[in-house]
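So the structure is just underneath, and the comments pick up after that.
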Amino acid sequence: MKRADRVTLLLVLSAVLAISTAYGMLLLLPLFIKQQLHGNEADYGLLTASAAITTVVAIGLLIRFPRRLPPNRALAIASLVYAGAAVAVSMVHSIAPLIGIGIVLGTAWALAYTAAPMIVSELCDDRTRARYIGYATGMIQVGFGLGPVIGNALRSLPASFADIFQVAAALAVLAAILAAPLDRRSPALRARPGDASGVRVGDSLRATLFSPAFLSICMVVMCACLFTTMNSFQTTFAAVRHLNYDVFYVSYTLSVIFVRFVLVRALRDSAAPGVLLVSALGIVVSLLLFLAVGHSAFRYGLSSVLLGMTYGLTLPAVQARTVNLSAAAYRPSMLPLAGLVFETAVLVFPLVAGAIVSASSYTILFIVLLGLAVGIALAAMRERFRSPRVAPAGQVRSPVPRG
């Protein structure tokens, strides 16, 4: 079984934690827009959606040339760009320039998010891939939880929104420093232009459309819509319900840590169809609880814990199955492809969510999210009862059904 060098893995996770914490601190943007720029949730949705096209182009290059640039270098470059954009955000005083900066901010984060599982995927085999991806994405979730809490603590000092965004920029620079030299430690991360797949985005999409990995990609999209809404609008949702958003971020984060770093060790295969089905059904229950939160901090915390545990298991399992169910020729491009559809949904769906909240209420938004959760559960049920055989590493499986 292929195992990652522990020091390399520690450095990877530290870099991922730093950049994701920086991202988490920028989750205060909806609150900043409402309180300082006199905007609303729809304005935040426009901000995130502005980066969709550039994100498609940037991640498309990773799919086209997945091994031309070491993934750790991609993470380092994206982190530096994110740092510059965070500093720029700290200087704005109106929504108009924020839209332009949002293009850079969203694209840089999308690259960082996509590069993180690419790094750990190179360090493992099929059997351990879900666990390692769980470590990386688990650390991302930790950062998402820490960032808003740190930001809230800084506000109580008191610090301005500008100060908070500048601290986020410093963390992004730290991530770049940690990630940049990793390919010197691990040969598996080094650029291999000679065996680069040269797969085009269109080729990857067509191959996925006619492969067992297609359903997993659909689940990635639904997970992304659920994830981005729950994380991005939590500060404003809590304000409407007179709750403390720290309750969500702390409860959710601790649950993800437990699931991805402790519980996963007790599972023989955390990407198994049965595990995926149970976790997907748990997401449905958590959304039902969110609909009943009201003004109760206890119910708010309980629903956050359940969401963290179930979503924490679901996403890395889906990402791992996307790779494992793909033809060997397309495997190097599958994680960036999953990152492409995930981040496109992450950037675009807040436009929909913000419009729903502005036109109606958070209750209607959670009903929409419940529908997405049911969709994830139905897809997981199909995986459970009609699960195709996962191809061993190195074995080519035809992306087109035979016979």
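The values are calculated or read from the model by the stated rules, or taken from the named source; none is laboratory data. Not measured: the values here are computed from a predicted model. Every residue, glycine among them, receives a Cβ derived from its backbone with ideal geometry; neighbour counts consider all protein chains shown. Surface accessibility is based on the protein's heavy atoms, side chains included, excluding ligands, DNA and RNA. Shrake-Rupley method; radii C 1.70, N 1.55, O 1.52, S 1.80 Å.
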Residues in segment 305-324 that are of a type in the set (S, T, N, Q) and within 20 Å of VAL374 (Cβ to Cβ) total 2
LEU182 is checked against (1) modelled with pLDDT of 85 or more; (2) within 19 Å of the chain's Cα centre (by Cα); (3) among the aliphatic types (A, V, I, L, M) and fails just one. What number does that condition carry? (2)
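Any residue in segment 28-37 that is in contact with a Gly (Cβ under 7 Å, 6 or more places away or on another chain), open to solvent by less than 40 Å² (accessible area, probe 1.4 Å) and within 19 Å of ILE164 (Cα to Cα)? Explain how you work it out, then say what you get.
Filtering segment 28-37 down to residues in contact with a Gly (Cβ under 7 Å, 6 or more places away or on another chain) leaves 28, 33.
Retained after the next criterion (residues that are open to solvent by less than 40 Å² (accessible area, probe 1.4 Å)): 28, 33.
Pick out the ones that are also within 19 Å of ILE164 (Cα to Cα) and you get 28, 33.
There is at least one residue in segment 28-37 that is in contact with a Gly (Cβ under 7 Å, 6 or more places away or on another chain), open to solvent by less than 40 Å² (accessible area, probe 1.4 Å) and within 19 Å of ILE164 (Cα to Cα).
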Segment 20-39: number of residues that are among the polar types (S, T, N, Q) and farther than 16 Å from ASN231 by Cα: 2
Mind checking which residues of segment 82-107 are open to solvent by less than 10 Å² (accessible area, probe 1.4 Å) and either touching a Gly at 6+ places or on another chain (Cβ under 7 Å) or over 16 Å from VAL56 (Cβ atoms) (or both)? TYR82, ALA83, ALA85, ALA86, VAL89, LEU98
How many residues of segment 114-164 are open to solvent by 10 Å² or more (accessible area, probe 1.4 Å) and within 19 Å of the chain's Cα centre (by Cα)? The answer is 11
Considering only segment 153-166, I want to know if a residue exists there that is farther than 30 Å from ASN324 by Cβ, of a type in the set (Asp, Glu) and at pLDDT 70 or above. yes
Out of ALA78, ALA110, ALA42, report the one residue that is surrounded by fewer than 24 Cβ atoms within 10 Å (Cβ to Cβ) and among the small types (Gly, Ala, Ser). ALA42
It is to be established whether one or more residues within segment 148-165 are in a helix (DSSP H, G or I) and more than 15 Å from ALA22 (Cα to Cα). yes
Please verify whether segment 200-207 includes one or more residues that are surrounded by fewer than 23 Cβ atoms within 10 Å (Cβ to Cβ) and either in contact with a Gly (Cβ under 8 Å, 6 or more places away or on another chain) or modelled with pLDDT of 90 or more (or both). yes
